[in-house]
1. What accessible area, in Å² to the nearest ten, does a 1.4 Å probe give for Trp88?
2. When the convex hull of the Cα atoms of region 9-153 is projected onto a plane and the area is averaged over all directions, what value comes out in nm²?
3. Report the gain in length on full extension from Lys247 to Lys264: 0.36 nm times residue separation, minus Cα-Cα distance, nm rounded to one decimal.
4. Just the number, please: percent antiparallel of the DSSP beta bridges in region 1-151, rounded to the nearest 5.
5. Ignoring any ligand, DNA or RNA, what whole percent of the accessible area of the chain comes from carbon and sulfur when the probe is 1.4 angstrom?
6. About its Cα centre, how strong a charge dipole does region 230-367 have in debye, to the nearest 20, once Lys and Arg get +1 and Asp and Glu get -1 at the Cβ?
7. Using packing as a proxy for protection, rank 182-188, 90-96 so that the peptide with the highest average count of other Cβ atoms within 10 Å comes first.
8. Average the reciprocal distances over every distinct pair of alpha-carbons in the chain, invert the result, and give the Kirkwood radius in Å.
Amino acid sequence: MATLYTFPGNFRSFKALIAAEYNGMDITVEDFDAAAAALSPLGKAPVLKTAGGVIFESNAIARYVARARADTELLGVSFVDQALVDSWVDFSSNELELPASMWTYPVLGYMPFNLAAYEKAQKDLAAGLKTLNDHLLLRTYLVGEKITLADICVTSALVYVMKFVADKDYLKPFGNVVRYFQTCANQPEFKAVIGETPMCKEEMMAPGAPAKAKKEAPKQEKKKKKDKAPAADAPPPAPKKVEHPYKIMDKEKPSKFSMDAWKKAYSNAATYEKGMEYFWENFDMEGWSLWHQNYNYNEDNKRIFMAANAVGGFQQRSDEIRKWAFGVMDVLGTEETVLEVKGVWLFRGDTVEHMKQANDDANWYTWKKLAGPGLAPTDEVKKQVFDYWCQENELEGKPIQDSKVFK
């Protein structure tokens, strides 16, 4: 059995893991740490440890896994096809992975935003997508009539682009690529690794990025005056924009508790204990509530990086209520037993319905009220909140594999 050392959600690791799904190969996934870095001459993830030795570089690892079975023909049917597969694997690394990373990494928090790099990444990726789009005009797959390693590498490179940043306007010239990506991403072997891949509806912007300019409606030319025509029924007035319930709540029932102040205190406190001391001193039980969150389908969590990726996506899709919410979500347990996604959240008001309206995925969780209007926090609840918001290694007697803060 081989062991793949990588970071949670590393798209470069998707290549080998998807190939392993096609070839029925068991690969254990472990976190990339200092010991794993020492295995690779480059000290970079991913790295694959096998009975015969250590393999580094994601494409080399993917090719190794793809060669495990000849009958699946992941490397191509003929010698020419094998060369073409190599060509597209190289194309993916050179023309897609770099601009895709430069665009998505700031959004995912891996690097700071840089406007020049952002604009260049969009331009360079568009050039790569045009090449891909032209090639796919009359083709379902890149090489031959079935999935190959070429499709696995290209689709893996585009996962985060398609999910988080490439909206309909950006993808409009690349209809063939969109069709192709959705075809590949919806194969069972792909979904077993990358999960569901809903297409981006609105580009997610990285912290520090300028706000996108809104499209202006085309100006209408002034019409010349005409003789009055018989009066017609006037069109109904445009409906007034409905304010968000939280905004209404802030006006009608203002709270002494400041979410911005709490988030700064949590981030800047000298110790977790000091941060939580500030929280309980300022918590407004009548204006805010605490909720425990537990995923309803934890038995479906097979890999740590997939569960961690799902948590990140959940929090990103909750952005609409960021001003009125704070939460910490954890991936607990092990791949050998069960991986659980749980969390504790602070919401304005006394309901989770606004979270569910902002993020449909919240409906797949069981929510239990811990404190708020009509329910004072007990010492047990205070300890539970501390554990969820502050513990870094173990929670509920289980190892914490990944933890993400929504603030």
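The values are calculated or read from the model by the stated rules, or taken from the named source; none is laboratory data. Remember, predicted model here, so these are calculated numbers, not experimental data. In this analysis, Cβ positions are derived from the backbone assuming ideal geometry, glycine residues included, and neighbour counts consider all displayed protein chains. Keep in mind that these areas ignore ligands, DNA and RNA; they rest on the heavy atoms of the full protein, side chains included. Shrake-Rupley method; radii C 1.70, N 1.55, O 1.52, S 1.80 Å.
1. Trp88 exposes around 30 Å² with every protein chain in place.
2. 9.9
3. Stretched out fully, the Lys247 to Lys264 stretch lengthens by 4.0 nm.
4. Approximately 60 percent, going by the DSSP bridge assignments.
5. Answer for the chain is 53 percent, counting heavy atoms of protein chains only.
6. Computed about the Cα centre, the dipole is about 500 debye.
7. 90-96, 182-188
8. About 24.1 Å for the chain.
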